Amino acid sequence: MNKKNIPVTQPFLPELNEFIPYLEEIWQNRWLTNNGPFHQRLEGELCDYLGVEYVSLFNNATIALITALQAMRISGEVITTPYSFVATSHSILWNGLEPVFVDIDPHTFNIDAEKIEQAITPRTTAILPVHCYSNPCDVETIQKIADNYGLKVIYDAAHAFNVKYKGESLLKWGDLSILSFHATKVFNTFEGGAIISPDLKTKQRIDHLKNFGITDELTVVAPGINGKMSEINAAFGLVQLKHIDKVMRLRKDIDLRYRASLADVKGITLYHHNMNADSNFSYFPILVEDSYPLSRDELYEKLKAHHILSRRYFYPLISNMPMYRGLPSSQASRLINANEVSSKVLCLPIYHGLEVDEQNYIINLIKEV
Ligand SMILES: *Cc1c(COP(=O)(O)O)cnc(C)c1O
């Protein structure tokens, strides 16, 4: 049946006509970047929409992560998860810090909070967990440990746009949370990201750091970076925000259909959302177990041969990459769950425009073997 490629995700694009008036406004007022009117508006609208106090927009989440570690003046060792996109650990290395990997929970795929304490040394100053696939980390336990040991907690919340946990924004947990608005994420500004801060003083420090450390015309207070979001990206975000509820609703339908159809397939394990949280349905990971007739990679290749482009997120594991595998905490014997999940996981296509017959086609390919 299927000739056109079905990607693992597809960015939502509004009608071009909806975006044109924003471009005209930029052309008229000639304010292209540096905290322009659309930038200010998007920060305000995101605060309201997400239910958080302070948002600092960035040109991408990787620069935001690097800046967040700077803003908190982190030094020495940072405890993190190997089961993530490389940017998480790279942001630690870019600060001249040492990542210390802790294994994941085999059900949530998030850092196993019970194993954090034994990884703390006198050099540890922060924990950098990831809310994997938008599923909340064990935020209560992590905060308790951080309070006991005087550590900062910075959440890589790149997947966690608009996730509510026990009725409140998940992004309020920890000292800072970082969002990604990359084209592959559920809410996108082409490229973009943000840091969520708990107070104005912290937001101001972050805003200075993302603008070279400049505080006024004559004063530079820190070796900042250029992390600013441009007016075009911010304007696009404002348009995108008008459609985001609909986009997430369509994703939810797809999520539910996969669940109903794949629940009984022998050798396929589904990943469950946290009962206390609203997912944003940004990913649909499955585990391909040994009892399934094909290996994970064989299923990946089979789908690809039928023009279905599933993704092995997250494989290879960060701790097995050349720049990390020499670290003491990278030994596979300490990261049993992360290595196992990484070898079995496959993320299936999920996006607003995935049609029912396309999804049924994917489901049948998985079931027929
Ligand atoms: C996408 C992603 C990032 C990086 O985001 P960019 O905006 O592309 O820099 C960081 N961490 C995780 C977990 C991600 O999925």
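By a 1.4 Å probe calculation restricted to protein chains, residue 273 has an accessible surface near 60 Å², given to the nearest 10.
Atom-type composition of the exposed protein surface of the chain places 53 percent of the accessible area on carbon and sulfur (1.4 angstrom probe).
Two tests apply to each whole DSSP H helix in the chain, Cα reach of 27 Å or more along its axis and mean Kyte-Doolittle hydropathy of at least 0.0, and none passes both.
Histogrammed with a bin width of 5 Å, the alpha carbon distances of the range 244-367 distribute as 2, 10, 18, 21, 18, 14, 9, 6, 2, 0 percent, first bin at zero. Charges were assigned to the Cβ only: +1 to each Lys and Arg, -1 to each Asp and Glu. The resulting dipole of the chain about its Cα centre is roughly 400 debye. With every protein chain in place and a 1.4 angstrom probe, the accessible-area ranking of 323, 229, largest first, reads 323, 229.
Just the accessible area per residue of the range 253-369, please: how many Å² with a 1.4 Å probe? Per-residue accessible area for the range 253-369 comes out at 46 Å².
Take the Cα coordinates of the chain, assign each an equal point scatterer, and use the Debye formula without solvent to give log10 I(q)/I(0) at q = 0.13 Å⁻¹. Reported log10 I(q)/I(0), two decimals: -1.07. What pairs from 172/203; 185/367; 185/252; 228/252; 210/246; 266/302 go past 22 Å between their alpha carbons? The pairs that break the limit, which is 22 Å between Cα atoms, are 185/367; 228/252; 210/246.
What does the net charge come to around residue 343 if you take all other residues with beta carbon closer than 10 Å to its beta carbon, with K and R at +1 and D and E at -1? Summing Lys/Arg as +1 and Asp/Glu as -1 gives +1. Over the residues of the chain, the helix contribution to mean residue ellipticity at 222 nm works out to -11000 deg cm²/dmol, using -39500 (n - 2.57) for each DSSP H run of at least 4. Within the shell of other residues whose beta carbon sits under 15 angstrom from the beta carbon of residue 159, the net charge comes to +1, with Lys and Arg scored +1 and Asp and Glu -1. Among 282, 359, 326, which residue has its Cα positioned farthest towards the positive end of the charge dipole of the range 244-367, with +1 placed on the Cβ of Lys and Arg, -1 on the Cβ of Asp and Glu, and the dipole taken about the Cα centre? Selected residue: 326.
A 1.4 Å probe over all protein chains sorts 85, 109, 281 by accessible area into 85, 281, 109, starting with the largest. Assuming charge only on the beta carbon of Lys and Arg (+1) and of Asp and Glu (-1), the dipole of the range 244-367 about its Cα centre is about 240 debye to the nearest 20. Put simply, the range 177-277 fits an ellipsoid with semi-axes of 39, 16, 12 Å; these come from the alpha carbon gyration tensor as the roots of five times its eigenvalues, largest first. Taking a straight line from the alpha carbon of residue 152, these aspartates and glutamates sit under 20 Å away, with near neighbours fewer than eight places off in the same chain left out: 53, 77, 98, 103, 112, 114, 117, 138, 140, 175, 199, 207.
If you count only protein heavy atoms and use a 1.4 Å probe, how large is the accessible surface of residue 327, to the nearest 10 Å²? Approximately 40 Å² of residue 327 is accessible to the 1.4 Å probe.
Its Cα gyration tensor gives the range 103-258 an equivalent ellipsoid, and the semi-axes of that ellipsoid, as √(5λ) in whole Å with the largest first, are 27, 26, 12. The fraction of all Cα pairs in the range 5-98 landing in successive 5 Å bins from 0 to the largest distance is 2, 10, 13, 14, 17, 16, 13, 9, 4, 1, 0, given as whole percents.
Sparsely packed loop sites in the range 261-312 (the GluC sites (Glu not before Pro) outside DSSP H, G, I, E and B with at most 14 other Cβ atoms within 10 Å) comprise 289.
The values are calculated or read from the model by the stated rules, or taken from the named source; none is laboratory data. Please read all numbers here as calculations on a predicted model, not as lab measurements. No Cβ is skipped: glycine too gets one built from the backbone with ideal geometry, and neighbour counts run over all protein chains shown. What goes into the accessible areas is simple: the full protein's heavy atoms, side chains included, and nothing from ligands, DNA or RNA. Shrake-Rupley method; radii C 1.70, N 1.55, O 1.52, S 1.80 Å.
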